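Structure, as structure tokens:
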Amino acid sequence: MKRILFTLLSAAALCAGASIPVNPATQLRSDVQSVKLDGYVGGRIDTCIARRVMTQDALSLVEPFKLRNEGDRWQSEFWGKWMLGACAAYQYNHSPELLAKITECAKALIGTADSDGYIGNYKDADRLKAWDIWGMKYVTLGLLAYYSVSHDKAALKAAENEIDNLIATLKARGADIADCGNYFGMAACSVLEPVVYLYNVTRDRKYLDFAESIAASIEKEGHAQLVGKALEGVPVSRRSHYPDEWWSYNNGMKAYEMMSCYEGLIELSKVTENSRLLEAAIRTAESIIRDEINIAGSGAAFECWYEGKKMQTVPAYHTMETCVTFTWMQLCARLLDITGLPAYADEFERTMYNALFASMRADGGQIAKYSPLEGHRSEGEHQCGLPINCCNANGPRGFALIPQVAYVADSHDNNINVNLYIPSSADVKLGKNMVKLTTDTDYPLSGDVTISVNPSKAADFALSLRIPSWIDSDATVTVNGQKISAAPGSYCTLNRRWTKGDVVTLHMPVSTRLVTTGDVNKFQAVTRGPLVFARDSRYTDGDVDETSVIVADENGRIDATPVPGTFSWLTIAVPMVLGTDLEDAAHSRPKAIRLCDFSSAGNDWDRNGRYRVWLPQTLNQMHAPYHRY
């Protein structure tokens, strides 16, 4: 993996060279041999694997493939999503029990293949309609992920047969793939991603030809035109007219499916050296960050882009779908991999700590479909007659992606990137040398990090430390007593000769901050580094919806105090003046009101409870002349 800062002018150079096959379960190319994450983050990953991945009745997800009686639903996605999460989890924890479960489930699915190679659940008359090709995408991704951990050639052959069947069926029926299914064909065209992977593994030209034909079809008049519209600067929420029917072909704002297509376009750009594809993905990510991603790192309402960033204080139905949350993380990880830009790691981290962690119930048994910024969370419905839904299937993929992003190494560039500061250890292979990294930190509660660097033998290589954009001022990096400064929003690269026992310390100034938005109707929120905080009714500190003024200095810093919490990961006491009554001196003084990290807010999923991120700010006409006459 080349760590080169990307500019649009250098896109072709980045894409040059032979393609390296990417494992769909891991996505990122890296020479990291193993990672173990501890602390809060590691605990949430372990809980997700134990309570969500391992407890899933995975064989039940194979049953629809035996029937082939479907005409419009999406049962065929669940097996692949579960398999992708399970394979990534296995590559993290190497559990024999998990591998046995994966193997049983994979072999059961392969056994359902039709004589023509089709693995799916649609009856012949409805082939290529609705979610048929979308399901074939997840079947192929899941088979390739299983192949990567098992080296079972039967899985690779089944994946080839699946895509061969799709090519043949499109040709026999004279169908254009971008005319198939919903959302201007974006669901169907997202099969581009596994088609490129299949070409990378087999080097069979027919798969590259098919991939290029999918990309070309996307750009035809009347289709999604994801490259052309991105390069024209069309915001993601305006890629189509407002649809007469929401769940239909004519809705081009569907967030999950759109991002899925860009992931395929990115992979195709690596093979074909077509810089326009990568540029379109980057422009789209810029639009998503600018227009859609809210304070908790996710977005979309009713699963579509809607300029949600500027409307995030307005309660909306079905916000922050976990499928959108995970796919945004995945897109950021992919763009981080190819560009080396730390901004994508910032976005990944914010989404991870807030939207993703908030989606999983405290006990790990369920993952919410939606995680709004206020209200409560709840279990999503079972979909398509199966004991699962799309977000329960997809959520574990987000948790399993974290270890892949935390440390990334490249023997070719002789470089190790530390992207996430989590109590952890990693074994990295650089050429013939093994490097053991151990990270000790309580980040993001503080900005202090200690990294022990222990190569098996003394060697020259680079250690690049991500300096988050949200720290207050330059970070201080110390290596064996020698100090340097590092600017926010950059990588601090330490290129030196490393020996056993070397220690790097990193101090990043992190403060609790006030964020405000709105004009007359102002709202306020509390952040610390990547973390967002919320009021929770379980604290019994008053009504979470009451108006207040959060006390901060002229630079927006809040004098917040960590306090013990019974249900939360992090609890802080924030000085707030509550309500509108200033006549009573006791009411006019700031009170210490407890807030918890957003991931812990409402984590018991009790519908009688309530949490809230954006708090209404009391109007003080003396301090803010809102109206001038």
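Scanning region 264-278 for residues that are part of a helix (DSSP H, G or I) and either at positive phi or surrounded by fewer than 21 Cβ atoms within 10 Å (Cβ to Cβ) (or both) returns V271, T272, S275, R276.
Here is the figure for region 481-510: residues that are touching a helix residue (DSSP H, G or I) at 6+ places or on another chain (Cβ under 7 Å) and either hydroxyl-bearing (S, T, Y) or open to solvent by less than 20 Å² (accessible area, probe 1.4 Å) (or both) total 2.
Just one of the listed residues (V236, V227) is more than 19 Å from D179 (Cα to Cα) and β-branched (V, I, T), and it is V236. With the structure loaded, tell me whether T505 is farther than 23 Å from N555 by Cβ and either out of contact with any Phe, Trp or Tyr (no Cβ under 7 Å at 6 or more places or on another chain) or assigned to a strand (DSSP E or B) (or both) or whether it fails that test. Considered against the rule, which asks whether it is farther than 23 Å from N555 by Cβ and either out of contact with any Phe, Trp or Tyr (no Cβ under 7 Å at 6 or more places or on another chain) or assigned to a strand (DSSP E or B) (or both), T505 comes out as yes. Considering region 240-252, the residues that are touching a residue at least 40 places away in the same chain (Cβ under 8 Å) and open to solvent by 10 Å² or more (accessible area, probe 1.4 Å) include one that is nearest to V195 (Cα to Cα), namely Y249. Candidates in region 396-442 are the residues that are open to solvent by 10 Å² or more (accessible area, probe 1.4 Å) and hydroxyl-bearing (S, T, Y); of these, the one that is nearest to G85 (Cα to Cα) is S425. For first residues located in region 402-416 and farther than 18 Å from A458 by Cβ and of a type outside the set (A, V, I, L, M), partners that are open to solvent by 10 Å² or more (accessible area, probe 1.4 Å) and assigned to a helix (DSSP H, G or I) and lie 6+ apart or on another chain with Cβ distances below 7 Å form the pairs P403/Y92.
For D597, the test of being at pLDDT 95 or above and not small (G, A, S) is passed. Tell me, please, whether a residue that is touching a residue at least 60 places away in the same chain (Cβ under 8 Å), polar (S, T, N, Q) and open to solvent by less than 60 Å² (accessible area, probe 1.4 Å) can be found in region 449-460. Scanning region 449-460 turns up no residue that is touching a residue at least 60 places away in the same chain (Cβ under 8 Å), polar (S, T, N, Q) and open to solvent by less than 60 Å² (accessible area, probe 1.4 Å). Could you list, in sequence order, the residues of region 31-46 that are among the aliphatic types (A, V, I, L, M) and closer than 22 Å to D363 by Cβ? Matches in region 31-46: L37, V41, I45.
For region 148-166, the criterion of being in contact (Cβ under 8 Å) with a residue 60 or more places away in the chain, open to solvent by 20 Å² or more (accessible area, probe 1.4 Å) and not aliphatic (A, V, I, L, M) is satisfied by at least one residue. Taken together, L156, L198, L170 contain a single residue that is touching a Phe, Trp or Tyr at 6+ places or on another chain (Cβ under 7 Å) and over 27 Å from V324 (Cβ atoms), which is L156. The residue that is least open to solvent (accessible area, probe 1.4 Å), counting only those in region 534-545 that are in a loop (DSSP other than H, G, I, E, B) and either aromatic (F, W, Y) or modelled with pLDDT of 95 or more (or both), is V544. Of note, H376 does not satisfy the criterion of being on the phi > 0 side of the Ramachandran plot and open to solvent by 20 Å² or more (accessible area, probe 1.4 Å). Close Cβ contacts (under 7 Å, 6 or more residues apart or on different chains) running from residues in region 282-295 that are under 21 Å from E374 (Cα atoms) to residues that are basic (K, R) and open to solvent by 10 Å² or more (accessible area, probe 1.4 Å) comprise D291/K309; E292/K309; I293/K309; N294/K309. Restricting region 339-372 to residues that are within 21 Å of S464 (Cβ to Cβ), among the hydrophobic types (A, V, I, L, M, F, W, C) and under 15 Å from the mean Cα position of the chain (by Cα) leaves a set whose member that is most open to solvent (accessible area, probe 1.4 Å) is A343.
Specify the residue that is farthest from T441 (Cα to Cα); the eligible residues are those in region 511-533 that are open to solvent by less than 30 Å² (accessible area, probe 1.4 Å) and of a type in the set (V, I, T). Filtering first and then ranking leaves V526.
Mind checking which residues of region 218-262 are under 20 Å from M320 (Cβ atoms) and either touching a Ser or Thr at 6+ places or on another chain (Cβ under 6 Å) or part of a helix (DSSP H, G or I) (or both)? Within region 218-262, P235, V236, S237, M253, A255, Y256, E257, M258, M259, S260, Y262 qualify.
Reported count of residues in region 554-567, each being within 16 Å of Q617 (Cα to Cα) and surrounded by fewer than 21 Cβ atoms within 10 Å (Cβ to Cβ), is 1. Pairs meeting the criteria (first residue in region 571-596 and without any contact (Cβ under 8 Å) to a residue 60 or more places away in the chain and more than 14 Å from T561 (Cα to Cα), second residue of a type in the set (A, V, I, L, M) and exposed (fewer than 13 other Cβ atoms within 10 Å of the Cβ), beta carbons under 8 Å, at least 6 apart or on different chains) are S588/L582. Among the criteria (1) surrounded by fewer than 24 Cβ atoms within 10 Å (Cβ to Cβ); (2) touching a Ser or Thr at 6+ places or on another chain (Cβ under 9 Å); (3) free of Cβ contacts under 8 Å to residues at least 60 places away in the same chain; (4) part of a helix (DSSP H, G or I), the one E212 does not fulfil is (3). Considering only region 47-73, state which residues are open to solvent by 10 Å² or more (accessible area, probe 1.4 Å), more than 22 Å from the chain's Cα centre (by Cα) and closer than 23 Å to G365 by Cα. Within region 47-73, T55, D57, L59, S60, E63 qualify. The combined condition, being open to solvent by 20 Å² or more (accessible area, probe 1.4 Å) and hydrophobic (A, V, I, L, M, F, W, C), is fulfilled by A592.
L336 meets each of the listed conditions (1) open to solvent by 10 Å² or more (accessible area, probe 1.4 Å); (2) under 30 Å from N200 (Cα atoms) apart from (1). Criterion first (in contact with a His (Cβ under 8 Å, 6 or more places away or on another chain) and at pLDDT 95 or above) does E303 satisfy it? Answer is yes for this residue.
The values are calculated or read from the model by the stated rules, or taken from the named source; none is laboratory data. None of the values given here were measured: they were computed from a predicted structure. With ideal geometry, Cβ positions are generated from the backbone for all residues, glycine too; neighbour counts draw on all protein chains shown. Note: accessible area is taken over every heavy atom of the protein model, side chains too, but ligands, DNA and RNA are not part of it. Shrake-Rupley method; radii C 1.70, N 1.55, O 1.52, S 1.80 Å.
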